[in-house]
1. If you scale each eigenvalue of the Cα gyration tensor by 5 and take the root, what three semi-axes come out for region 40-84, rounded to whole angstrom and sorted largest first?
2. How large is the direction-averaged shadow of the alpha-carbon convex hull of region 1-147, in nm²?
3. How big is the Cα convex hull of region 65-161 in projection, averaged over all directions, in nm²?
4. Quick check on region 20-157: of the DSSP beta bridges with both residues there, what percent are antiparallel, nearest 5%?
5. Anyone know which of Asn77, Asn87, Asn96 comes out most mobile in the 10 Å Cα GNM of the chain?
6. Could you state the accessible area per residue of region 67-155 in Å², with a 1.4 Å probe and every protein chain left in place?
7. Which net charge results for the neighbourhood of Val163, defined as the other residues with beta-carbon distances under 15 angstrom from its beta-carbon, given Lys and Arg at +1 and Asp and Glu at -1?
8. What's the ranking of 114-123, 24-33, 47-56 by average number of surrounding C-beta atoms within 10 Å, highest first?
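The values are calculated or read from the model by the stated rules, or taken from the named source; none is laboratory data. Just so it is clear, the structure is predicted and the values come from calculations on it, not from any experiment. All Cβ positions, even for glycine, are placed from backbone atoms using ideal geometry, and neighbour counts span all protein chains on display. To get the accessible areas, we keep the full protein, side chains included, count just its heavy atoms, and leave off ligands, DNA and RNA. Shrake-Rupley method; radii C 1.70, N 1.55, O 1.52, S 1.80 Å.
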Amino acid sequence: NTTTASSSDGTRGMWIGNTGDSQTEWNPTISNNTLNNIGATGIVGHSVGALINNNLVTNTKGAGIKVVPPLGKGGQNTIEGNTLRANLFHGVQVENADSPVVIRRNVIDNNAISGIYASGGKFTNAQIVENTITNHHEAGIYLYNGEGVTIQGNQLTGNGHGVTLEAIPGNTIQNVQITGNTMNNQ
(Lines give C-alpha, C1' and ligand atoms only; values in the text may rest on other atoms or scores of the structure.)
Protein backbone atom coordinates (compact mmCIF):
# COMPACT_ATOMS: atom_id res chain seq x y z
CA ASN A 1 0.00 0.00 0.00
CA THR A 2 1.18 3.51 -0.78
CA THR A 3 -0.52 6.60 0.57
CA THR A 4 0.31 9.84 -1.21
CA ALA A 5 -1.51 13.10 -0.56
CA SER A 6 -0.85 16.79 -0.15
CA SER A 7 -2.91 17.12 3.03
CA SER A 8 -4.66 15.04 5.66
CA ASP A 9 -8.19 13.72 5.90
CA GLY A 10 -9.54 15.65 8.88
CA THR A 11 -8.74 15.92 12.55
CA ARG A 12 -7.00 12.57 12.84
CA GLY A 13 -4.44 13.09 10.10
CA MET A 14 -3.62 9.56 8.85
CA TRP A 15 -4.55 6.46 10.82
CA ILE A 16 -3.20 3.22 9.36
CA GLY A 17 -4.17 -0.16 10.78
CA ASN A 18 -6.47 -1.50 13.45
CA THR A 19 -5.95 -1.73 17.19
CA GLY A 20 -7.67 -5.13 17.36
CA ASP A 21 -5.77 -8.43 17.21
CA SER A 22 -8.03 -9.91 14.53
CA GLN A 23 -6.93 -7.51 11.78
CA THR A 24 -3.42 -6.40 10.93
CA GLU A 25 -2.19 -3.93 8.32
CA TRP A 26 0.98 -5.35 6.75
CA ASN A 27 3.76 -3.32 5.08
CA PRO A 28 2.09 0.04 4.40
CA THR A 29 4.16 2.89 2.96
CA ILE A 30 3.26 6.41 4.07
CA SER A 31 5.41 8.69 1.99
CA ASN A 32 5.75 12.28 0.74
CA ASN A 33 2.75 13.76 2.59
CA THR A 34 2.34 17.19 4.16
CA LEU A 35 0.22 17.39 7.32
CA ASN A 36 -0.24 20.75 9.02
CA ASN A 37 -2.57 21.96 11.80
CA ILE A 38 -4.04 18.52 12.50
CA GLY A 39 -6.48 18.25 15.45
CA ALA A 40 -4.77 15.11 16.84
CA THR A 41 -1.63 13.10 15.97
CA GLY A 42 -0.39 13.58 12.40
CA ILE A 43 0.34 9.95 11.41
CA VAL A 44 -0.61 6.90 13.50
CA GLY A 45 0.56 3.43 12.47
CA HIS A 46 -0.95 0.31 14.07
CA SER A 47 0.85 -1.86 11.56
CA VAL A 48 3.62 -4.36 10.89
CA GLY A 49 6.47 -3.48 8.56
CA ALA A 50 5.46 0.14 7.96
CA LEU A 51 7.73 2.53 6.09
CA ILE A 52 6.90 6.11 7.10
CA ASN A 53 9.23 8.36 5.14
CA ASN A 54 9.74 11.82 3.70
CA ASN A 55 6.66 13.37 5.31
CA LEU A 56 6.34 16.89 6.70
CA VAL A 57 4.23 17.01 9.88
CA THR A 58 3.80 20.35 11.66
CA ASN A 59 1.57 21.96 14.28
CA THR A 60 -0.50 18.91 15.26
CA LYS A 61 -2.40 18.70 18.55
CA GLY A 62 -0.68 15.35 19.28
CA ALA A 63 2.56 13.66 18.21
CA GLY A 64 3.96 14.12 14.72
CA ILE A 65 4.23 10.35 14.14
CA LYS A 66 3.05 7.63 16.53
CA VAL A 67 3.61 3.90 15.97
CA VAL A 68 1.94 1.16 17.99
CA PRO A 69 3.05 -2.14 16.46
CA PRO A 70 0.56 -4.98 17.06
CA LEU A 71 1.94 -7.18 19.85
CA GLY A 72 3.43 -10.51 18.86
CA LYS A 73 3.29 -9.90 15.10
CA GLY A 74 7.01 -9.23 14.53
CA GLY A 75 8.23 -7.15 11.61
CA GLN A 76 10.03 -3.84 11.71
CA ASN A 77 8.61 -0.33 11.39
CA THR A 78 10.85 2.35 9.87
CA ILE A 79 10.45 6.10 10.37
CA GLU A 80 12.95 7.81 8.06
CA GLY A 81 13.64 11.16 6.45
CA ASN A 82 10.64 12.97 7.95
CA THR A 83 10.48 16.55 9.22
CA LEU A 84 8.46 16.78 12.45
CA ARG A 85 8.14 20.30 13.77
CA ALA A 86 6.13 22.21 16.40
CA ASN A 87 3.76 19.38 17.36
CA LEU A 88 1.98 19.56 20.72
CA PHE A 89 3.37 16.28 22.14
CA HIS A 90 6.38 14.40 20.74
CA GLY A 91 8.02 14.35 17.33
CA VAL A 92 8.02 10.52 17.26
CA GLN A 93 6.10 8.46 19.82
CA VAL A 94 6.50 4.68 20.08
CA GLU A 95 3.99 2.87 22.27
CA ASN A 96 3.91 -0.79 23.38
CA ALA A 97 6.44 -1.99 20.82
CA ASP A 98 7.71 -5.55 21.10
CA SER A 99 9.24 -5.49 17.60
CA PRO A 100 12.04 -3.33 16.17
CA VAL A 101 11.43 0.29 15.24
CA VAL A 102 14.07 2.17 13.24
CA ILE A 103 14.03 5.96 13.60
CA ARG A 104 16.60 7.27 11.14
CA ARG A 105 17.65 10.55 9.49
CA ASN A 106 14.68 12.64 10.62
CA VAL A 107 14.64 16.34 11.44
CA ILE A 108 12.74 16.62 14.74
CA ASP A 109 12.42 20.21 15.95
CA ASN A 110 10.57 22.19 18.60
CA ASN A 111 7.90 19.65 19.56
CA ALA A 112 6.42 20.58 22.92
CA ILE A 113 7.56 17.59 25.03
CA SER A 114 10.24 15.31 23.54
CA GLY A 115 11.79 14.62 20.17
CA ILE A 116 11.60 10.81 20.40
CA TYR A 117 9.60 9.11 23.16
CA ALA A 118 9.04 5.39 23.86
CA SER A 119 6.83 3.83 26.54
CA GLY A 120 5.18 0.48 27.23
CA GLY A 121 6.18 -2.80 25.61
CA LYS A 122 9.87 -3.59 25.33
CA PHE A 123 11.11 -1.32 22.50
CA THR A 124 13.28 -4.24 21.41
CA ASN A 125 16.26 -3.99 19.04
CA ALA A 126 15.34 -0.45 18.06
CA GLN A 127 17.64 1.99 16.31
CA ILE A 128 17.65 5.75 16.80
CA VAL A 129 20.33 6.88 14.37
CA GLU A 130 21.48 9.99 12.52
CA ASN A 131 18.57 12.23 13.54
CA THR A 132 18.74 15.99 14.09
CA ILE A 133 16.80 16.63 17.32
CA THR A 134 16.48 20.22 18.51
CA ASN A 135 14.60 22.46 20.95
CA HIS A 136 12.42 20.12 23.04
CA HIS A 137 11.23 21.03 26.54
CA GLU A 138 11.66 17.60 28.18
CA ALA A 139 14.33 15.66 26.24
CA GLY A 140 15.67 15.01 22.78
CA ILE A 141 15.28 11.24 23.35
CA TYR A 142 13.23 9.87 26.27
CA LEU A 143 12.90 6.11 26.76
CA TYR A 144 10.88 4.48 29.54
CA ASN A 145 11.90 1.09 28.24
CA GLY A 146 14.39 -0.43 25.83
CA GLU A 147 16.14 -3.72 25.22
CA GLY A 148 19.00 -3.84 22.70
CA VAL A 149 18.46 -0.24 21.58
CA THR A 150 21.15 1.60 19.59
CA ILE A 151 21.27 5.42 19.88
CA GLN A 152 24.00 6.55 17.50
CA GLY A 153 25.13 9.49 15.41
CA ASN A 154 22.35 11.88 16.48
CA GLN A 155 22.75 15.66 16.70
CA LEU A 156 20.95 16.93 19.83
CA THR A 157 20.79 20.69 20.48
CA GLY A 158 18.81 22.87 22.88
CA ASN A 159 16.72 20.15 24.53
CA GLY A 160 15.81 20.02 28.24
CA HIS A 161 17.91 16.83 28.43
CA GLY A 162 19.81 15.15 25.61
CA VAL A 163 19.04 11.46 26.26
CA THR A 164 16.95 10.25 29.21
CA LEU A 165 16.53 6.56 30.09
CA GLU A 166 14.10 5.90 32.92
CA ALA A 167 12.98 2.39 33.82
CA ILE A 168 9.67 2.45 35.65
CA PRO A 169 7.89 -0.48 37.34
CA GLY A 170 7.10 -3.15 34.78
CA ASN A 171 9.60 -1.84 32.20
CA THR A 172 13.24 -2.67 31.58
CA ILE A 173 16.23 -0.75 30.24
CA GLN A 174 19.01 -3.13 29.23
CA ASN A 175 21.73 -3.42 26.59
CA VAL A 176 21.27 0.15 25.34
CA GLN A 177 24.23 1.46 23.34
CA ILE A 178 24.69 5.24 23.17
CA THR A 179 27.60 6.08 20.86
CA GLY A 180 28.83 8.86 18.62
CA ASN A 181 26.10 11.41 19.40
CA THR A 182 26.73 15.17 19.55
CA MET A 183 24.97 17.16 22.27
CA ASN A 184 25.02 20.95 22.53
CA ASN A 185 23.23 23.37 24.88
CA GLN A 186 21.27 20.71 26.75
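1. Equivalent-ellipsoid dimensions as semi-axes: 20, 13, 5 Å.
2. Its average projected convex-hull area is 7.2 nm².
3. 5.0
4. Percentage antiparallel, nearest 5: 0.
5. Most flexible of the set in this elastic network: Asn96.
6. Using a 1.4 Å probe on heavy atoms only, each residue of region 67-155 averages 32 Å².
7. -3
8. 114-123, 47-56, 24-33
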